[in-house]
């Protein structure tokens, strides 16, 4: 079976705070390490009360320092918000502290709204410079040359795997052209997934960093003791998505028994279109769903995410998913 990894947004639930979110993140990462997940990624978002991973590199250091073998990285750093040199220095520092364990995923969205993007001082139009910024950043990880006027210290000559992230054909094209691994955001924006994967695999050019295409797909997996309980837990993610679209992002809400009473028919259609890449149920249901998803799309790796309100239930969900992975591995 292909490797499973985890995407975490350091969720801040109603009645809690960021400090507890960070304790939960580290606890989940330690569990993921014991369960054999390959990597643990954190995502950069800003001005989102329910997401505490805005200072992504800082949180990566916290998680890497509290674990010993699992890869830890960014899924991703939103490059339009940062100078490439600063990113190279931050991840050169992380890779120096935790050699062989740090990943750097790069996205070109701001990860926030327009006023916040302006407050970050890098503006939306910098997304147009994304390919140039990626090349500049990759250059800072190359060994420094005599007379080189600007170098990343630390960073130059340090091996940091760089991924491109995307939810459209743009990222797939750039990843293929640069010979980089590619992660598609199918867990919330799957419309272009099949076309992007086909383009990436068809047009991939081998590079010093990667000899053949390597694609990872995001997948919502919410597992519980029963299908009904898993569907109830999944209402947290559904509510969060609706709240964001209503322009009222807030703390992560508890699950509810009747999601139909929460959304309007158009909102339901919107959520169903955004979140079709979701496997929700008890162990056997999750096994069948993951097996079908992998058989259809043939990813090289899965990046699982679960926006579950209670930390104990979230832990259990990833435990069930890991057991499903082991069952599928044994069957193959």
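The values are calculated or read from the model by the stated rules, or taken from the named source; none is laboratory data. None of the values given here were measured: they were computed from a predicted structure. All Cβ positions, even for glycine, are placed from backbone atoms using ideal geometry, and neighbour counts span all protein chains on display.
Some observations on this one:
- Test result for residue 225, outside any strand (DSSP E or B) and buried (at least 20 other Cβ atoms within 10 Å of the Cβ): no
- Residues (in a helix (DSSP H, G or I) and buried (at least 21 other Cβ atoms within 10 Å of the Cβ)) located in segment 300-312: none
- For residue 234, the criteria (1) over 17 Å from residue 281 (Cα atoms); (2) modelled with pLDDT of 95 or more hold in every case but one, which is (1).
- Boolean, residue 60 is within 14 Å of the chain's Cα centre (by Cα), under 23 Å from residue 30 (Cα atoms) and at pLDDT 95 or above: yes
- If you go through segment 72-90 and keep only what is out of contact with any helix residue (DSSP H, G or I) (no Cβ under 7 Å at 6 or more places or on another chain) and free of Cβ contacts under 8 Å to residues at least 60 places away in the same chain, you end up with 78, 81, 82, 83, 86.
- Test: residue in segment 246-265 that is closer than 18 Å to residue 186 by Cα, in contact with a helix residue (DSSP H, G or I) (Cβ under 7 Å, 6 or more places away or on another chain) and surrounded by 15 or more Cβ atoms within 10 Å (Cβ to Cβ): no
Yes or no, residue by residue, for (1) assigned to a helix (DSSP H, G or I); (2) modelled with pLDDT of 95 or more:
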| site | (1), (2) |
| --- | --- |
| 135 | yes, yes |
| 145 | no, no |
| 151 | no, yes |
| 156 | no, yes |
| 164 | no, yes |
| 177 | yes, yes |
| 191 | no, no |
| 200 | yes, yes |
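- Residue within segment 252-259 that is farther than 25 Å from residue 197 by Cβ, under 21 Å from the mean Cα position of the chain (by Cα) and outside any loop (DSSP other than H, G, I, E, B) present: yes
- Residues that are more than 19 Å from residue 120 (Cα to Cα) and surrounded by fewer than 24 Cβ atoms within 10 Å (Cβ to Cβ), drawn from segment 67-91: 67, 68, 69, 70, 71
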